[in-house]
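To keep things clear, I will list the structure first and then write my remarks on it.
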Amino acid sequence: TYILILAVIVGVLGGFVAIGFRWLIIFTQKIALQDSRSVLEALADLPFYWKILLPLLGGAIVGPIIYFFAREAKGHGVPEVMQAMALKNGQIRPRVAIVKSISSAITISTGGSVGQEGPIIQVGSAVGSSIGQWLKVSPERLKILVGCGAAAGIAATFNAPIAGAFFALEVIIGNFALISFSPIIISSVMATAVSRAFFGNYPIFSVPLYSLVSIWEIPFYMILGIVTGLVGLAFIESVYASERFWDKLKFPDFLKTPVGGAILGLIIIICPHVFGGGYESIEMALRGEFVWHTLLLLMVFKLLATSITLGSGGSGGVFAPALFLGAVSGGAFGYLIDYLFPGLAAYSGAYAMVGMGAVVAATTHAPITAILILFEITNDYKIILPIMISCTIATVLARRFKQDSIYTQKLTLRGISLNQGREEIIMKSFLVGDLMHSKIPTIKECTRLKQIIKIFMESQEAYYYVVNDQNRLMGTLSTHLVKSVLSAPESLNQLVIAKDLLHPIEEFVVPETNLADCMNRFERVESEHLPVVDNIQSMRLIGMVSKKEIIKLYNREILRKDIIGVKYVRDLGSEKMRNLVQLPSDFKVDFIRVPDSFIGKSIKQLDIRAQYNITILAVKKKLSDIGPSNEMPNPDRIFQADDILVAAGKEKELEKLRKLLGKN
């Protein structure tokens, strides 16, 4: 009941947020164009230089906002929500909602060739996440609330409650489990009700009613599925090729956005239809108002404009551009079919309508959502069969040639695969730069033997890194190596230098190395630390990373269990009953390595419960053994060096115990 009440709240707030975002776009667009007419009419009377200045100025405002306040707001938003679900149990910073709303509204209203759907999904998800974090709900419920926010955003934007719910389940949550299904449906319905109270119950696109003219059209729509699948693949490749190009440019990110805006302005002069989301142009394609060669040109210009907008750092969604590309490619295909088979096929507008859904399905790998959203935004059931067949074929084709959707591609480029286990995902999401220490024991390569011996005798370091005058990493000196030359003749003290004794570096890392790769390198060397260099070319030593610190992060970020209850089984005769002991919401269960001060002592001697206000639930011998075979601790059990404690208590009390590890 509690989660359903929260779903109602998130749905209502999500509906109002979607309405506010639409009004914000309308408001900023009127300021930008100084005209209350339609976008295409306003652009027709706009001087050519203003068409360049407008997106340039928009980029000049958006770039610094994103760069300095919330970099998660860059791009189309949905991958960031999926990453938060996979790595952070749905935790999204509240400020993201504000920054995303402002930056996306400015981008779209000043000509950015993107849509409002991606931003509203991210903003709605941030609203759901913020409410869940404020109420301190469990991670499982927090993820559901994020899905509720995403569903509310889509439902309110498109007046499509069914599609909104299925988008959240299919793309954000990733399953259709009943525990998620009910709250998300409720949020979607509530958001739609709020939206209809302000804008009425009308489909987002007003188009003629189309139907299947002949059964012989089915093969045509199957071919359309292949064509739109290829268009969807081209869209994905175009967006990420543009991002790679702009990422390689060596100047600040917040300056790339206005440069991209200026280039976009040149395209708008040639083709004003790419300005903003392009809803007016989509309706024109659905009504068959373009000739076939214009539709092909619109497809090329839209691909280019959207790729530049997102690649240079603009903020906006890819849903509307996918609808645009589907409408123009489907319309062009419809002209071809009508030319080749006159009388057997529907008007080109029907193929434009089906093409919209098929390109969305190909780019998002979410055919159910594409079918439902097309049905709801057109309010036309008669053409559902062609939509189903084209969307299915487009999705199959896209997945055949590319495993990632336009959303998951960005996660894959970050080293995150949603098909991996959560442990591997988290280890790959942290970089060496997050953990490295800049305080490094170093010796210059020209240091003489006598001074080397003195340094080792006066310090507790087991080894030193040898560097040259430019701080280039040359090798290492170990205590064992120095001991072997202690008995060397006095005459060698001034002749032998560090460069003569060093051991070549076997493994090193750079700040961008993820922790999973770093641990693989630790396995190849007998060392507790690895040197960190700025890059492979210069090999300048900038820090070191500790295996102990990585394991500590592993314990805290992966093995920590944020639960509010503990299951246990009790026997009642021949029947086993599974119960749930409810713990306070601020209680946690964590896996912690035994501190050195505990080794050789028993639980009774340490009086852990009284001293630390925590309970030891079980003891394990090593990380790989964590599972159902936990050893229930006897009060007289003596702790050993490789023990791992399964401890329960309040977070602040557990943190006190973790701090003892830092003193090991």
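The values are calculated or read from the model by the stated rules, or taken from the named source; none is laboratory data. Being a predicted model, the structure only gives us computed values, none of them experimental. All Cβ positions, even for glycine, are placed from backbone atoms using ideal geometry, and neighbour counts span all protein chains on display.
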Practice prompt. Using the structure shown, decide if residue 281 is over 20 Å from residue 157 (Cα atoms) and touching a helix residue (DSSP H, G or I) at 6+ places or on another chain (Cβ under 6 Å).
Written response: no
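Which of the residues that make up segment 497-525 are under 18 Å from residue 540 (Cβ atoms), in contact with an Asp or Glu (Cβ under 9 Å, 6 or more places away or on another chain) and at pLDDT 85 or above? If you could, list the steps in order and put the result at the bottom.
As a first pass, look at segment 497-525 and keep what is under 18 Å from residue 540 (Cβ atoms): 498-499, 502, 504-505, 507-513.
Now restrict to residues that are in contact with an Asp or Glu (Cβ under 9 Å, 6 or more places away or on another chain): 498-499, 502, 509-511.
509, 510, 511, listed by residue number.
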Item to complete: For residue 100, work out the one condition from (1) modelled with pLDDT of 85 or more; (2) crowded, with 24+ Cβ neighbours inside 10 Å it doesn't fulfil.
Response: (1)
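Please tell me if residue 257 is part of a helix (DSSP H, G or I), over 20 Å from the mean Cα position of the chain (by Cα) and surrounded by 24 or more Cβ atoms within 10 Å (Cβ to Cβ).
Numbers: part of a helix (DSSP H, G or I): yes; over 20 Å from the mean Cα position of the chain (by Cα): yes; surrounded by 24 or more Cβ atoms within 10 Å (Cβ to Cβ): yes.
So residue 257 passes the test.
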Discussion item. If the requirement is being touching a residue at least 60 places away in the same chain (Cβ under 8 Å), within 30 Å of residue 375 (Cβ to Cβ) and not in a loop (DSSP other than H, G, I, E, B), which of these qualifies: 231, 207?
Written reply: 231
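So that you can scan it fast, the table gives a plain yes or no per residue for (1) without any contact (Cβ under 8 Å) to a residue 60 or more places away in the chain; (2) in a loop (DSSP other than H, G, I, E, B); (3) under 25 Å from residue 129 (Cα atoms); (4) among the aromatic types (Phe, Trp, Tyr):
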| site | (1), (2), (3), (4) |
| --- | --- |
| 16 | no, no, yes, yes |
| 21 | no, no, yes, yes |
| 25 | no, no, yes, no |
| 86 | no, no, yes, no |
| 95 | yes, no, yes, no |
Worksheet, complete the sentence: If we keep only residues of segment 205-254 that are more than 30 Å from residue 402 (Cα to Cα) and surrounded by 19 or more Cβ atoms within 10 Å (Cβ to Cβ), then the residue farthest from the chain's Cα centre (by Cα) is 210
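Please find, among 67, 2, the residue that is in contact with a Gly (Cβ under 9 Å, 6 or more places away or on another chain) and hydroxyl-bearing (Ser, Thr, Tyr). If you could, list the steps in order and put the result at the bottom.
Numbers: 2 fails: in contact with a Gly (Cβ under 9 Å, 6 or more places away or on another chain).
Only one candidate passes the filter, namely 67.
Taking the stated definitions as given, is residue 193 surrounded by fewer than 24 Cβ atoms within 10 Å (Cβ to Cβ) and at pLDDT 90 or above? Full working, then the answer.
Numbers: surrounded by fewer than 24 Cβ atoms within 10 Å (Cβ to Cβ): yes; at pLDDT 90 or above: yes.
It is true that residue 193 is surrounded by fewer than 24 Cβ atoms within 10 Å (Cβ to Cβ) and at pLDDT 90 or above.
If you take the residues of segment 495-528 that are of a type in the set (Lys, Arg) and within 35 Å of the chain's Cα centre (by Cα), which of them is nearest to residue 431 (Cα to Cα)?
Here is the first cut: in segment 495-528, the ones of a type in the set (Lys, Arg) are 499, 521, 524.
Okay, now just the ones that are also within 35 Å of the chain's Cα centre (by Cα), so 521, 524.
Working: 521: 14, 524: 19 Å.
Of everything passing the filter in segment 495-528, 521 is nearest to residue 431 (Cα to Cα).
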Worksheet item: Would you say residue 294 is assigned to a helix (DSSP H, G or I), among the polar types (S, T, N, Q) and surrounded by fewer than 24 Cβ atoms within 10 Å (Cβ to Cβ)?
Response: yes
Response to the item:
All-but-one check, residue 346 against (1) over 25 Å from the mean Cα position of the chain (by Cα); (2) crowded, with 24+ Cβ neighbours inside 10 Å; (3) not in a helix (DSSP H, G or I), failing number (2)
Fill in: Any strands (runs of 3 or more DSSP E) falling wholly within segment 386-492 and containing at least 1 residues that are at pLDDT 80 or above, of a type in the set (Lys, Arg) and surrounded by 14 or more Cβ atoms within 10 Å (Cβ to Cβ)
442-444
Worksheet item: Looking at (1) modelled with pLDDT of 80 or more; (2) surrounded by 18 or more Cβ atoms within 10 Å (Cβ to Cβ), which is the one condition that is false for residue 20?
Response: (2)
Discussion item. Please determine whether any residue of segment 142-154 is basic (Lys, Arg), buried (at least 20 other Cβ atoms within 10 Å of the Cβ) and more than 26 Å from residue 203 (Cα to Cα).
Written reply: yes
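Pick out the one residue from 339, 335, 351 that is over 28 Å from the mean Cα position of the chain (by Cα), crowded, with 24+ Cβ neighbours inside 10 Å and in a helix (DSSP H, G or I).
Working: 339 fails: crowded, with 24+ Cβ neighbours inside 10 Å; 335 fails: crowded, with 24+ Cβ neighbours inside 10 Å.
From the options 339, 335, 351, the qualifying one is 351.
Please work out which residue is modelled with the lowest pLDDT, limiting yourself to segment 588-646 and to residues that are outside any loop (DSSP other than H, G, I, E, B) and of a type in the set (Ser, Thr, Tyr). Can you show your working first?
Filtering segment 588-646 down to residues outside any loop (DSSP other than H, G, I, E, B) leaves 588-593, 596-598, 602-606, 608-612, 615-620, 623-625, 631, 638, 644-646.
So of that shortlist, the ones also of a type in the set (Ser, Thr, Tyr) come out as 597, 602, 612, 615, 624.
Working: 597: 81, 602: 82, 612: 80, 615: 80, 624: 37.
Looking at residues that are outside any loop (DSSP other than H, G, I, E, B) and of a type in the set (Ser, Thr, Tyr), I get 624.
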Practice prompt. Output the number of the condition that residue 196 fails; it satisfies all remaining conditions of (1) closer than 30 Å to residue 16 by Cβ; (2) touching a helix residue (DSSP H, G or I) at 6+ places or on another chain (Cβ under 7 Å).
Written response: (2)
Worksheet item: Just to be sure, is residue 330 among the small types (Gly, Ala, Ser) and on the phi > 0 side of the Ramachandran plot?
Response: no
Worksheet item: What are the residue pairs meeting all of these: first residue in segment 351-380, first residue under 21 Å from residue 217 (Cα atoms) and assigned by TED's automatic domain parsing to the domain that holds residue 291, second residue surrounded by 24 or more Cβ atoms within 10 Å (Cβ to Cβ) and among the basic types (Lys, Arg), Cβ atoms under 9 Å, and 6 or more apart or on different chains?
Response: none
Discussion item. Going through 651, 575, 655 one at a time, which residue ends up being modelled with pLDDT under 80, farther than 20 Å from residue 552 by Cα and among the acidic types (Asp, Glu)?
Written reply: 575
Worksheet item: Which pairs do you get when a residue that is farther than 12 Å from residue 81 by Cβ, found in segment 113-136, comes within reach of a residue that is aromatic (Phe, Trp, Tyr), reach meaning Cβ atoms under 8 angstrom, with the pair 6+ apart or on two chains?
Response: 113/275; 115/319; 116/21; 117/158; 117/319
Discussion item. Looking at segment 314-337 only, could you name the residues that are β-branched (Val, Ile, Thr) and modelled with pLDDT under 90?
Written reply: 318, 337
